[in-house]
């Protein structure tokens, strides 16, 4: 007993001074690392309120008057598209297209007779803007904001119309540009896909929502997988990185079973110099990624280091595979076209 008391006293003799020593505040001021850029913010609450009021008023208004207003806005929308299609889209045309589309959305949601035309218009503008944006100075913040506002704002308006008219059936697949490809093909989600395509998705878990939204420019996708289609059997496989197990190869059935709230296919542009020289390059990149994933354990890259391929995170799987096949050109333009969502 006496020995135990002596041990306790010795411990207290050591711990008490140590406790008070740790209570002394650090004299060094902490270094605060500030964000390199400000996150995008709409800051247009008055506009959203106005559109909500337009929608409520259109629901009560005579259908003939609503249809007349919709036709006028569609006529303006088509005129703006023709202006944009003649050359580089100016800032004023960007804002005019988006403003007109927002006001059109409030009325189409109330009287959805022209809903398909409304969605198709968004698709046409999106393809045009993506094509023209490759010549824009995307490093300029104002330019990035304008392109983001137009593409993301119109998409949000289109989805809001679909939500308000969900009692009317609609095709969940929105086709983008039908980019040509000679690589092996397969069918997933009712879409013809080709070896080398990138699959973007958004899952149902909270972390998926955080990844897709936690950005300076909030988005809709949180995961990337690279498609490989066996050239002999045309069986599709997905090469993807998972936090819990690293890089793995999944069958189409396994990929489909994993819950997805959104899905989009990106395909390399056929006019890239590398694809003109060898149209099978996307397939070769995908096959290399699949072979490497099956030959060794590739851990998940929690450091997010693009320069180290010993570990890979999801989008790095695709970028690593394509780095030596697609991106080794002098001028890097937008290499992928959106195929579907």
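The values are calculated or read from the model by the stated rules, or taken from the named source; none is laboratory data. The structure presented is a predicted model; accordingly, all values stated were derived computationally and were not measured. No Cβ is skipped: glycine too gets one built from the backbone with ideal geometry, and neighbour counts run over all protein chains shown.
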task = Kindly provide the set of residues from segment 293-341 that are more than 25 Å from residue 179 (Cβ to Cβ), surrounded by 13 or more Cβ atoms within 10 Å (Cβ to Cβ), under 21 Å from the mean Cα position of the chain (by Cα) and modelled with pLDDT of 85 or more, ordered by number.
result = 300, 301, 305, 312, 313
ask   = Exactly one of (1) farther than 20 Å from residue 316 by Cα; (2) at pLDDT 90 or above is unmet by residue 197. Its number?
value = (1)
request  = Report yes if residue 160 is surrounded by fewer than 18 Cβ atoms within 10 Å (Cβ to Cβ), modelled with pLDDT of 90 or more and not assigned by TED's automatic domain parsing to the domain that holds residue 258, otherwise no.
outcome  = yes
request  = Only residues in segment 80-107 that are surrounded by fewer than 17 Cβ atoms within 10 Å (Cβ to Cβ) count as the first member; pair them with residues that are part of a loop (DSSP other than H, G, I, E, B), Cβ under 9 angstrom, at least 6 apart or cross-chain, and list the lot.
outcome  = 83/89; 83/90; 88/135; 88/136
ask   = Among (1) at pLDDT below 95; (2) assigned to a helix (DSSP H, G or I), where does residue 283 come up short?
value = (1)
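For every residue, the table says whether it meets (1) without any contact (Cβ under 8 Å) to a residue 40 or more places away in the chain; (2) crowded, with 20+ Cβ neighbours inside 10 Å.
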{"residue": "174", "(1), (2)": "no, no"}
{"residue": "180", "(1), (2)": "no, no"}
{"residue": "194", "(1), (2)": "no, yes"}
{"residue": "204", "(1), (2)": "no, no"}
{"residue": "207", "(1), (2)": "yes, no"}
{"residue": "211", "(1), (2)": "yes, no"}
{"residue": "215", "(1), (2)": "no, no"}
{"residue": "226", "(1), (2)": "no, yes"}
{"residue": "230", "(1), (2)": "no, no"}
